[in-house]
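Colleague: Can you read through this structure? Questions will come right after.
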Amino acid sequence: MPISTSDAATELDGLRAELFRRAKEAGFDDAGIARADARPDLPARLSAWLAQGRQGDMGWMAATAARRADPLTLWPAAKSVIMLAMTYGPDSDPLELLARRDRAAISVYARNRDYHDLVKKRLKMVARWLAETSGAEVKVFVDTAPVMEKPLAEAAGLGWQGKHTNLVSRRLGSWFFLGAILTTLEFAPDARHDDRCGDCRRCLDICPTKAFPAPYQLDARRCISYLTIEHKGPIALEFRKPMGNRIYGCDDCLAVCPWNKFAQSAREAAFVARDDLRAPLLAELARLDDAGFRARFSGSPVKRIGRDRFIRNVLIAIGNTGDAALAAIVRPLLADASPLVRGMAVWALAELGADEELRQGAAAALERESDEDVRAEWRRVSG
């Protein structure tokens, strides 16, 4: 006897309930389901954003645009997208660290293990169970794959994309990672979440670099997270002072969201901040060579930017301290093998009050310097 439509729906409902239970056991804090075709608006939205050049150096955004904007282009057989959230909330206010100028502010999510590996491992556990139980096909995605998790999570009822474009949840606040399981199973979808931002604009107003041209719009080229992580060259002058002591990412727009009154501290030990990454001394970080950098950030997301970009960021933070005593640590970096580091060392020393010293050495430095970006820094300080 063929299975009736109602029986099939009941069976899927039972599978769904067990799926969510398994997800919770695997460490996820929330789950929801959307149809794979739930967001037909995404291709036009992404195309418009790319046309404005707001992706900056992230050429991969344009290269994967077709697959990124439509799960069915990525996998035509997909019927449902299971969105899962895992909390990584801090145990203290990350904004407090910004006043400690001799210390480095590392984004909350990057203060321990790289979340990609852990979240993907847990996703695979859940997806494997689903495939073995139902016989359905599954694929898992975490951030680095071309899937627009935030709008799909909104469609799955996990929360809404706030005015800062990040996902906000009434249950979890703003501090959580997202993962996706695409499947050939056709689950009943959850209702899309309503926008609950109201008249609030705290996230927009606090942004140090004015990266939000309007509510719900982000110009990545002005975002400190983009500048310190994705951008590979020298950071433009207009952004250096607003960066303060933020050396990897920025949490300002997340931290001020009033919905974080419902946020939870990370339950997963791998997301609890390491003691040496909570508030490391800038002077200590500036001394790291490549081997030291790799050892210090082994297993951390910070490792992906490499030592040179990292030291670039640290030097900007040192320049922003105004502490002339740190000049002794910066000075050796004028001869660093990396032009990116050399250029920022020139800027940092000028900010620390070593103008006369720099002017005296500018002619010789310009004579031996081959990198045009570094030459521009020397010309700037030499008047």
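The values are calculated or read from the model by the stated rules, or taken from the named source; none is laboratory data. It should be emphasised that the depicted structure is a prediction, and the values quoted were computed from it without experimental measurement. Methodologically, a virtual Cβ is constructed for each residue, glycine included, from the backbone with ideal geometry; neighbour enumeration extends over all protein chains shown.
Colleague: In segment 59-139, which helices (runs of 4 or more DSSP H) lie fully inside it and hold 3 or more residues that are buried (at least 17 other Cβ atoms within 10 Å of the Cβ) and in contact with a strand residue (DSSP E or B) (Cβ under 8 Å, 6 or more places away or on another chain)?
Modeller: Fully inside segment 59-139 and qualifying: 115-134.
Colleague: Still on this structure: Look at segment 81-138 and say how many of its residues are within 22 Å of residue 206 (Cβ to Cβ), basic (Lys, Arg) and within 19 Å of the chain's Cα centre (by Cα).
Modeller: Number satisfying all stated conditions: 1.
Colleague: From the list 331, 368, 359, which residue is touching a Ser or Thr at 6+ places or on another chain (Cβ under 8 Å), among the basic types (Lys, Arg) and over 19 Å from residue 247 (Cβ atoms)?
Modeller: Testing whether each residue is touching a Ser or Thr at 6+ places or on another chain (Cβ under 8 Å), among the basic types (Lys, Arg) and over 19 Å from residue 247 (Cβ atoms) leaves just 359.
Colleague: Residue check: is residue 337 aliphatic (A, V, I, L, M), within 20 Å of residue 105 (Cβ to Cβ) and either modelled with pLDDT under 95 or under 30 Å from the mean Cα position of the chain (by Cα) (or both)?
Modeller: Here the answer is no, as residue 337 does not meet what is asked.
Colleague: I'm trying to understand the selection: among the residues of segment 148-165, which are within 16 Å of residue 55 (Cα to Cα) and either surrounded by fewer than 22 Cβ atoms within 10 Å (Cβ to Cβ) or over 15 Å from the mean Cα position of the chain (by Cα) (or both)?
Modeller: Within segment 148-165, 148, 165 meet the criteria.
Colleague: So residue 302 clears everything in (1) in a loop (DSSP other than H, G, I, E, B); (2) within 20 Å of residue 229 (Cβ to Cβ) except one condition, right? Which one?
Modeller: Result: residue 302 passes all but (1).
Colleague: Something else: For segment 277-300, state whether one or more residues are basic (Lys, Arg), closer than 23 Å to residue 94 by Cα and either crowded, with 16+ Cβ neighbours inside 10 Å or in contact with a Gly (Cβ under 7 Å, 6 or more places away or on another chain) (or both).
Modeller: yes
Colleague: Here's another thing I want to ask about it. Count, please, the residues in segment 340-377 that happen to be under 28 Å from the mean Cα position of the chain (by Cα) and either of a type in the set (A, V, I, L, M) or at positive phi (or both).
Modeller: 5
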